[in-house]
There are 2 protein chains.
Amino acid sequence: MNDRLTPVRSRHAALVQQMVEHQIDAYLVPRFDAHQGEYTAPCDERLAHLTGFTGSAGMAIVTKDKIVVFVDGRYTVQARRQCADPVFAITHITEAPPEQFLAQLPNGAQVGFDPMLIPPSWHHRFSRALRKHGGQLVAITPNLIDAIWTDRPEAPVGKVLPMQVAQSGETSAAKIERLKRHFMSEGLDFSVETQPDNIAWLLNVRGSDVLYNPIVQSFLVCDRGGRVDWFVDRRKLGNMDELPDVDQLNIHAPESLISFIAKRTHAGSQVALDPDFSPVAVQLAVEGAGGSVVPERSWTTLTKAKKTDAELEGMKNCHVRDGVAWTEFSAWLHENVESRDATNAPITEIEAEDRILSLRQQQPGFLYESFRSISAAGSNGAMCHYASDRDASAPITWHAPYLLDSGGQYETGTTDATRSFVLGAQSDVAYRTAYTAVFKAFHALMTLRFPKGTQGHHIDAVCRRPLWDLGMDYDHGTGHGVGHLLSVHEHPQRIGKQHNPVDLVPGMIITIEPGHYVEGRYGIRIENQCAIVEDDDGFLRFENLTWAPIDIGPLIGEVMSTEQKLWLKQYHHDVQAILSGALTERAAGFMARLVESTETFAAS
Amino acid sequence: MNDRLTPVRSRHAALVQQMVEHQIDAYLVPRFDAHQGEYTAPCDERLAHLTGFTGSAGMAIVTKDKIVVFVDGRYTVQARRQCADPVFAITHITEAPPEQFLAQLPNGAQVGFDPMLIPPSWHHRFSRALRKHGGQLVAITPNLIDAIWTDRPEAPVGKVLPMQVAQSGETSAAKIERLKRHFMSEGLDFSVETQPDNIAWLLNVRGSDVLYNPIVQSFLVCDRGGRVDWFVDRRKLGNMDELPDVDQLNIHAPESLISFIAKRTHAGSQVALDPDFSPVAVQLAVEGAGGSVVPERSWTTLTKAKKTDAELEGMKNCHVRDGVAWTEFSAWLHENVESRDATNAPITEIEAEDRILSLRQQQPGFLYESFRSISAAGSNGAMCHYASDRDASAPITWHAPYLLDSGGQYETGTTDATRSFVLGAQSDVAYRTAYTAVFKAFHALMTLRFPKGTQGHHIDAVCRRPLWDLGMDYDHGTGHGVGHLLSVHEHPQRIGKQHNPVDLVPGMIITIEPGHYVEGRYGIRIENQCAIVEDDDGFLRFENLTWAPIDIGPLIGEVMSTEQKLWLKQYHHDVQAILSGALTERAAGFMARLVESTETFAAS
């Protein structure tokens, strides 16, 4: 018997020792940091440090004998691969949620957690589950993962830069003024904002604390008098020429947030806090000081979702640039895969990923990628959030499927699109059937009109139906909001099965991205970004923003409607017209041939 | 100036006097009785007594100078007609809900209510709205409408009859046993059931306290030991041969419920109560005695929704009988409207309503109507829950639209269907366009396949899309559950825009009934009843139960897909085959001609 522990076993053992010292039976390790966002700094990658799982969502519950990892449908395959040690149990987070596991712990279970990392809604759910059998949550500070993490990186101090009003469309002072009016009408004293993209939007600044996402990790308290307390590391403000145009701005160290709130709260204070995206530590501090938390979705989240005209204009502009990169990429891919494959030097996933990046870098206003590209050949496409390994990147081969999900941060906005390719003829009927159904699903929402008051969960099935008809589905949402030079996944609007009580309103940006995945074989997804607009009769629809060619090779024309074919023909005509002049001769030629073959296809 | 008060003004004045005596600023008058059901006994028609509004849902908030009537989209037209006095303000209950009105009352408003008539969820919402500005709800017993209602009818004492196990498929003892297991697993001490259809199902009895609906108005307490306390007027049990087969059944007077609960509750008691369909008085009694209410949808509601095989069999059988009545009716209508119209003695709405009833009465096992038929000629069809006036019933004329929504209670189940007719050729393109879109909407759900975990609000838009495409919609749900010889509107499943977190599962019965309404002109609705069944691949779909011909005259074939036409052809073939032998010669001839013309239509 080998008595040397593997790294994961040794970390587990160290954590269990901490758990024993704190007299707890289990410990919660969420993927979230204190900002409950998707992108975390290396110092906050506690879940990855403990488990090796690097997905963008999930959590672990650690007991003395196992580590249960909860992930959603996008990550089950990846989690099984990254958490292969028998100490792990991988669980689907919605089918068997953490509270179900907690409810099954022995009677009286004491479960430790870090109150900066758990939002109030989770705290409420987990507490209720534990109380059923006499158990409880136990707040432990500082974090126990940090306690066992010997070489934990420093927190980031990315520079903060102002965003001009020409880009944002509204001054920070005007935004704060609107927020104050909200406090008045709701009888609130102050709000605690812990979502960094909301803070960036509110103060008209952008930062660089985490990858892909120009946010400023910080906290912000704003009161009904318009006083703004910003909890941000002063080093980030460095040589910024101007502070945001807010009347009463005070800078504090982030570490002082909780003690500030405890002091700022009086008996009877009404404090707005987002129950889903804030540390429960804030709520505990408010309640400890005799105040009440008013749980409401952050006003800023809802307000920022409805883009200003300037933001929409910027989004449209950067999507034209992004469309050029996509079209150049498609041309390059279609024209090179066969010969490279034939000469035994196939294009790799990483090469393709680098290529789309370099094509974007040639576009004016491009800053960096808006997320790590999913460049997935063959069966890798079945992992919805696959990231290719630079040292072991799979080849993109002739006749095989390839999927690219990729986007950019531009000075005037954020892009995100997905295309599925088969290079050369595709004879696999199952693939072609699924690809055609995914296109129909995509088309169903792209052409939908819907009345005011419609919410994302209402229209999700309209998209899925062509797949459901064939007994297929996909285990992820259908669409997400996108920030304006902010997070590529932006609340609160979302199209999915999950209840999302947010009206879709004009000015919102949302993706449409149905897919289909066959583990071990391939993944298919088609994704465009859209703005919601209002028609003359008051109905709403999705106005397309993305201009990237759609592979027509795998489509089975016989099972498509005339309307679907004509839509595709028009789309390629539009791509050609909108990008005309900006494409290289090679890409323009590729696009002209594609328009022609789409016309032939549509007429068939 | 006339100083004689109209009846409504005089009732309002009497109520205001009561309000002054009780020192309240407003008083809530819900349409609900203590059972929160759709059908109430005459003694419980408090909203109608005060306002004259006779719809099946709604409420009023009475202040000293006005009566604000809250109704949903089905009833806005009717409410405006029935509540024409300027003292009324008619409000859409979801667009401007009562809590919004309450929040706008003067600071510190005291709002009276009867705790037997308001469910906990409303109590919570209304209290919260009032608290924002220092107001509160004030429980007042007895009811203030009763106090001013001089000739209030007696409570009903309809006879109770047992339902045989051959019909129900499960003994009452077995049902109670399952309920006990639920108490065990959830750590509950007892439940308070106040929904009479749940009680009827649980005890395998049927009653006759209210119109159309064979329920027994009563309350029931069941504890984890299996003891059942039934709060029912003893006169209803009369000469019933056998009491339900429950081990420990105790009968109490309904009036003793609240005092019983106060005694039955101990400190720490965990009491299950449906927060949406129970009197808040129960919760107040439990909490007053130191117990806790566990708010959960009644276990019985959810369990009863999944019909037993015996119940499904019964439903199918009675639908064949009902289909005969519908087909006979359709034949009669199509063959008589022209001549009756021409001889200046047109068929009236009431005559048609009487005719479908008499045709049902000729069917074996028919008991009575399952709701008041909506027999609506021309513009009356625009009122979704129109009830024709026996003394002023509109004529059904040649070339004009007519709508019939009608159903029956049979010994083995409950039916509900709607058909829209145009007798003679219909040249109104707007009507034909809308009728075709309604048919497409109906077809969209009838042919849908969906994965497990799908809920009613997920698929509502699949149905509405053909209407949305044309900028149309309908302001009511798309489908409702149906009881087994119980309520024609049965929770918990529902297809609609409203969030309905109930999985659609095999064994559930649901209607599919899209429509379109043009005020002052016409209403269109097509409704079938379906059972949810599972396909071999694990996907679910709707299995049709209703066998009633669908008018093809107004359909515009050019805008229909081949699939839609072939579905209709198959449906009429099925109607003919399933009803064959049971139709009169006249109706069989009508059906044969319809099958033939549908074939011609489908081939065009």
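Structure summary
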quantity: Residue list for segment A:538-564, restricted to those being open to solvent by 10 Å² or more (accessible area, probe 1.4 Å) and in a loop (DSSP other than H, G, I, E, B); calculated: A:Gly538, A:Phe539, A:Trp547, A:Asp551, A:Ile552, A:Gly553, A:Ile556, A:Met560, A:Ser561
quantity: Selection count where residues are open to solvent by 20 Å² or more (accessible area, probe 1.4 Å) and more than 16 Å from B:Arg227 (Cα to Cα), scope segment B:186-205; calculated: 2
quantity: Every pair of residues 6+ apart whose Cβ atoms lie under 9 Å, when the first sits in segment B:552-577 and is basic (Lys, Arg) while the second is open to solvent by 60 Å² or more (accessible area, probe 1.4 Å) and in a helix (DSSP H, G or I); calculated: B:Lys565/B:Ala603; B:Lys569/B:Glu599; B:Lys569/B:Ala603
quantity: Qualifying residue in segment B:257-273 (condition: out of contact with any Ser or Thr (no Cβ under 9 Å at 6 or more places or on another chain), aromatic (Phe, Trp, Tyr) and more than 30 Å from B:His572 (Cα to Cα)); calculated: yes
quantity: Matching residues, segment A:137-161, being aliphatic (A, V, I, L, M) and within 18 Å of A:Gly52 (Cα to Cα); calculated: A:Leu144, A:Ile145, A:Ala147, A:Ile148
quantity: Criterion violated by A:Asp44 - all others in (1) crowded, with 21+ Cβ neighbours inside 10 Å; (2) at pLDDT below 95; (3) among the acidic types (Asp, Glu) satisfied; calculated: (2)
quantity: Yes/no for B:Ile532 being surrounded by fewer than 23 Cβ atoms within 10 Å (Cβ to Cβ), over 14 Å from the mean Cα position of the chain (by Cα) and part of a strand (DSSP E or B); calculated: yes
quantity: Candidates A:Leu144, A:Leu102 - the one that is away from chain B (no Cβ under 14 Å), under 24 Å from A:Arg11 (Cα atoms) and in contact with a His (Cβ under 8 Å, 6 or more places away or on another chain); calculated: A:Leu144
quantity: Residue check, B:Ser208 of a type outside the set (Val, Ile, Thr), in a loop (DSSP other than H, G, I, E, B), touching a residue at least 40 places away in the same chain (Cβ under 8 Å) and buried (at least 17 other Cβ atoms within 10 Å of the Cβ); calculated: yes
quantity: Options B:Ser339, B:Ser373: the member that is under 23 Å from the mean Cα position of the chain (by Cα) and either under 30 Å from B:Leu504 (Cβ atoms) or polar (S, T, N, Q) (or both); calculated: B:Ser373
quantity: Selection within segment B:406-428 - assigned to a loop (DSSP other than H, G, I, E, B) and at pLDDT 95 or above; calculated: B:Gly407, B:Glu411, B:Thr412, B:Thr415, B:Asp416
quantity: Residues (touching a strand residue (DSSP E or B) at 6+ places or on another chain (Cβ under 6 Å) and within 23 Å of B:Leu117 (Cα to Cα)) located in segment B:188-211; calculated: B:Phe190, B:Ser191, B:Val192, B:Glu193, B:Thr194, B:Ile199, B:Ala200
quantity: Failed item in (1) β-branched (Val, Ile, Thr); (2) over 23 Å from A:Gln36 (Cβ atoms); (3) part of a helix (DSSP H, G or I), with A:Val246 passing the rest; calculated: (3)
quantity: Qualifying residue in segment B:583-594 (condition: among the polar types (S, T, N, Q) and more than 14 Å from chain A (Cβ to nearest Cβ)); calculated: yes
quantity: Any hit, segment A:23-37, residues being out of contact with any Pro (no Cβ under 7 Å at 6 or more places or on another chain) and surrounded by fewer than 16 Cβ atoms within 10 Å (Cβ to Cβ); calculated: yes
quantity: Inter-residue pairs, beta-carbon under 6 Å, first farther than 14 Å from B:Leu359 by Cα and in segment B:582-593, second among the polar types (S, T, N, Q) and assigned to a helix (DSSP H, G or I), 6+ apart; calculated: B:Met591/B:Thr327; B:Met591/B:Gln576
quantity: Selection within segment B:168-185 - open to solvent by less than 10 Å² (accessible area, probe 1.4 Å) and farther than 17 Å from B:Asn204 by Cα; calculated: B:Phe183
quantity: Residue in segment B:407-416 that is open to solvent by 10 Å² or more (accessible area, probe 1.4 Å) and either touching a residue at least 40 places away in the same chain (Cβ under 8 Å) or of a type in the set (Gly, Ala, Ser) (or both) present; calculated: yes
quantity: Flag for A:Ser10 being open to solvent by 10 Å² or more (accessible area, probe 1.4 Å) and either at pLDDT 95 or above or not in a loop (DSSP other than H, G, I, E, B) (or both); calculated: yes
quantity: Subset tally (residues that are farther than 26 Å from A:Pro401 by Cα and either modelled with pLDDT under 95 or in contact with a Gly (Cβ under 7 Å, 6 or more places away or on another chain) (or both)) for segment A:533-553; calculated: 2
quantity: Residue list for segment B:72-100, filter: over 26 Å from the mean Cα position of the chain (by Cα) and open to solvent by 40 Å² or more (accessible area, probe 1.4 Å); calculated: B:Pro86
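Residue by residue, here is whether (1) crowded, with 17+ Cβ neighbours inside 10 Å; (2) within 22 Å of B:Pro279 (Cβ to Cβ) holds:
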| position | (1), (2) |
| --- | --- |
| B:Phe113 | yes, yes |
| B:Ser121 | no, yes |
| B:His133 | no, no |
| B:Leu144 | yes, yes |
| B:Ala166 | no, no |
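The values are calculated or read from the model by the stated rules, or taken from the named source; none is laboratory data. Predicted model only: the values in this text are computed from it and were never measured. Note that each Cβ is placed from the backbone with ideal geometry, even for glycine, and that neighbours are counted across all protein chains shown. Accessible surface is based on the protein model in full, side chains and every heavy atom, while ligands, DNA and RNA are left aside. Shrake-Rupley method; radii C 1.70, N 1.55, O 1.52, S 1.80 Å.
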